[in-house]
Each structure stands twice: as structure tokens, then as C-alpha cells.
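The values are calculated or read from the model by the stated rules, or taken from the named source; none is laboratory data. What you see is a predicted model, and the numbers here were worked out from it, not measured in a lab. Here the Cβ positions follow ideal geometry from the backbone for every residue, glycine too, while neighbour counts run over all protein chains shown. Ligands, DNA and RNA are stripped out before the accessible areas are found, and what is left, the full protein with its side chains, is counted by its heavy atoms. Shrake-Rupley method; radii C 1.70, N 1.55, O 1.52, S 1.80 Å.
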Amino acid sequence: MKRYNQIFDKVLIEKITKSDPAKDWSEVGWRGIMLNRGDMWIDIDGRIISINNQSEEELKLKNSLIAKQKKSVNSSLSNFKEPVAVLETSKFRIRIDDLGNDNYRYASWSIKQEMTETPDLVIEKGVFVADGTGGNHYFDFKKGNFKYRCYFIVLGEKDSPPAILTVYQSGKEILSQDANIVSR
């Protein structure tokens, strides 16, 4: 409610008010009802599920938050397009950034270190993989015969962790740690 006027700008309000329910709104099974090609989603009771419209005010806020994050990491990592997530396991702090063009970067530190310090490990050319339609997804990063997978659990069991870090060496799992999502 605090940011209502930022989210519901003139452009989005006009899309909603000028929409024709018979032509512009579509029921998409269990996913809900969408306006146009997904500008906004509602459930069958009319509650908003998602808004996929970015106002000018939101874009300004987003850009200022990204600029602030670029200053809060080690200077060697400040060249990203958008931050993706920061994860913490019992031993590691992991940062994933979108470098643009479907290229993701993995940086990790000991949990005792700050992100302003030089990371212990940096891997670029990571890939994003959607895992089904429930929202679960992961990022894979390869370095030599090691693969680092950061798995995000959106739809899981009630005792599932929010994320999991798994490390493989030559295809064999050598480490698996539950992770908390610190920022997204």
C-alpha cells in the first residue's frame, strides 16, 4: 500500500480500465487470470497474484538500489547488470549476479568474511535452469571438474530449506548445504 502510486502508475491503470474483460483477460488454468500477455495476474477471487509492469518511479528506485549494491561489494565484482541473490550456508556466503546475455556469476566467501573483501572463488558463465512450472530453479557454475549448483526451492515440502548449495567433483556430489536466502 505504501508504494501503490509507484506500482499503479498511469500506464498500468489505463491498461486495466480500458481493458475488455472478454478480449483482454484470459483464464490460464491453475495459474490464474492474466491481463493481456501477463501485465497483471489475478486469482479466481480477483486477488492480485503478480504485476509485471514497471513504472518510471520503480525503474528509478531499482537503478538506485543496484548502484548502492555495486558500492557494497568488492570492487572486482561491481560490474554486474542486476543482483540475483545472496545465499548463506553454515560455511559460505554466496552472491549470484546477472552479468547480462544469460551469463551469471558466482562469488563466494567464508561466512566470516564480508562481501567487500576479495572473494575466495569467482566463476562466470553460469546458467539459469527452470525446474518445472512450480517456480523451483537453479544456477549451475562450472570450474574445471567442479560444478557448483545453487538450487532455489519455491515449491517444496514444508520442511524444505529455501535453497541448497551442492558441489560436484567429476560428477560426484562432494558437498551439500542448506542455504538461507539473505537477499533476492
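Go ahead and set up a Gaussian network model of the chain, Cα springs under 10 Å, then flag whichever of Ser108, Ser75, Ser19 fluctuates most.
Comparing Ser108, Ser75, Ser19 in the GNM, the peak value goes to Ser19.
Could you tell me the calculated FRET efficiency between Glu27 and Lys68, based on Cβ-Cβ distance and R0 = 25 angstrom, to the nearest 0.05?
Efficiency, from the Cβ-Cβ distance: 0.05.
Out of every Cα pair in the chain, what percent are spaced more than 28 Å from each other?
Details: 6646 of 16836 pairs.
I get 39 percent for the Cα pairs in the chain exceeding 28 Å.
Where the convex hull is taken over the Cα atoms of region 85-152, what is its projected area averaged over directions, in nm²?
5.2
Say the cut-off is 23 Å between C-alpha atoms; which of Lys70/Lys125; Lys125/Lys147; Lys81/Lys158 go over it?
Violating the 23 Å limit, Cα to Cα: Lys81/Lys158.
Run the accessible area of region 54-148 with a 1.4 Å probe and give the carbon-and-sulfur part as a rounded percent.
Numbers: 2590 of 5330 Å².
Carbon with sulfur: 48 percent of the solvent-accessible area.
Summing -39500 (n - 2.57) over the DSSP H runs of n ≥ 4 in the chain and dividing by its residue number, what mean residue ellipticity at 222 nm do you reach, to the nearest 500 deg cm²/dmol?
It comes out at -4500 deg cm²/dmol, rounded to the nearest 500.
Rg(Cα) of region 32-130 divided by 2.2 N^0.38 Å? Walk me through the numbers before you get to the answer.
Details: Rg = 17.2 Å, N = 99, 2.2 N^0.38 = 12.6 Å.
Rg over 2.2 N^0.38 Å, computed on Cα atoms: 1.36.
What does the net charge come to around Val73 if you take all other residues with beta carbon closer than 12 Å to its beta carbon, with K and R at +1 and D and E at -1?
That works out to +3.
Between region 151-173 and region 80-125, how far is it from one alpha carbon centroid to the other, in angstrom?
What the calculation gives is 17 Å, centre to centre.
Kirkwood hydrodynamic radius, computed over distinct alpha-carbon pairs, for region 1-74: how many Å, to one decimal? Spell out each step's value before the answer.
Details: mean 1/r = 0.0715 Å⁻¹.
Kirkwood radius, region 1-74: 14.0 Å.
For region 40-184, calculate the relative contact order in percent as a whole number, restricting contacts to Cα pairs under 8 Å that are 6 or more residues apart.
Working: 282 pairs, mean separation 23.2, N = 145.
Relative contact order, region 40-184: 16 percent.
Compute the signed sum of charges (Lys and Arg +1, Asp and Glu -1) over the other residues within less than 14 Å, Cβ to Cβ, of Phe92.
Summing Lys/Arg as +1 and Asp/Glu as -1 gives 0.
For region 136-184, take the convex hull of the Cα atoms, compute a quarter of its surface area, and give me that in nm², please.
3.7
Can you spot the lysines whose alpha carbon is less than 17 Å from Lys18's alpha carbon? Ignore those fewer than 8 places along the same chain.
Lys10
In the Gaussian network model of the chain, springs joining C-alpha atoms below 10 Å, which of Ile164, Ile123, Ile33 carries the largest mean-square fluctuation?
Largest GNM mean-square fluctuation: Ile33.
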